[in-house]
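Worksheet: one structure, shown below.
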Amino acid sequence: MPINEQTVGPAGFGSARTTPSSPYVPVKLISVEKQRVAIARAWMNEPDLILADEPTASLDTKRGHQVIEQLSEQVKMRKKAAVLVTHDERLLPICDRVIQVVDGHTEDT
């Protein structure tokens, strides 16, 4: 699949910082951009399931929330599924279903 506005634009990269001589290659990426690139790359093969392990670990609260909202929008738009593993309980309201591991047992909350 070619990398273009259709494949990476929905992940928020239509305006990624680029060099004048190479308009399609991002320069130095900040943490939130790295997370968005990872999500865009994950979608490139049109998987039915995205697995995200601590996707907000290196991000501040605002940017972490933005990344998870974008992931959630893409999941719903593409009618796919995502499994998010996180210690960040602030993200739970965005999730459709939450399963917690407590004392080695799972709890559907």
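Table for the structure above
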{"item": "Strands (runs of 3 or more DSSP E) completely within the range 1-94 that count 1 or more residues being over 30 Å from residue 106 (Cβ atoms) and at pLDDT below 75", "result": "22-26"}
{"item": "Cβ pairs under 7 Å, 6+ apart, first in the range 63-74 and hydroxyl-bearing (Ser, Thr, Tyr), second in a helix (DSSP H, G or I)", "result": "72/94"}
{"item": "First in the range 27-41 and polar (S, T, N, Q), second anywhere and open to solvent by less than 30 Å² (accessible area, probe 1.4 Å), Cβ under 7 Å, 6 or more apart", "result": "31/59; 35/55; 35/59; 35/67"}
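The values are calculated or read from the model by the stated rules, or taken from the named source; none is laboratory data. These figures come from a predicted structure and were not determined experimentally. All Cβ positions, glycine included, derive from the backbone under ideal geometry; neighbour counts span all protein chains shown. Accessible surface is based on the protein model in full, side chains and every heavy atom, while ligands, DNA and RNA are left aside. Shrake-Rupley method; radii C 1.70, N 1.55, O 1.52, S 1.80 Å.
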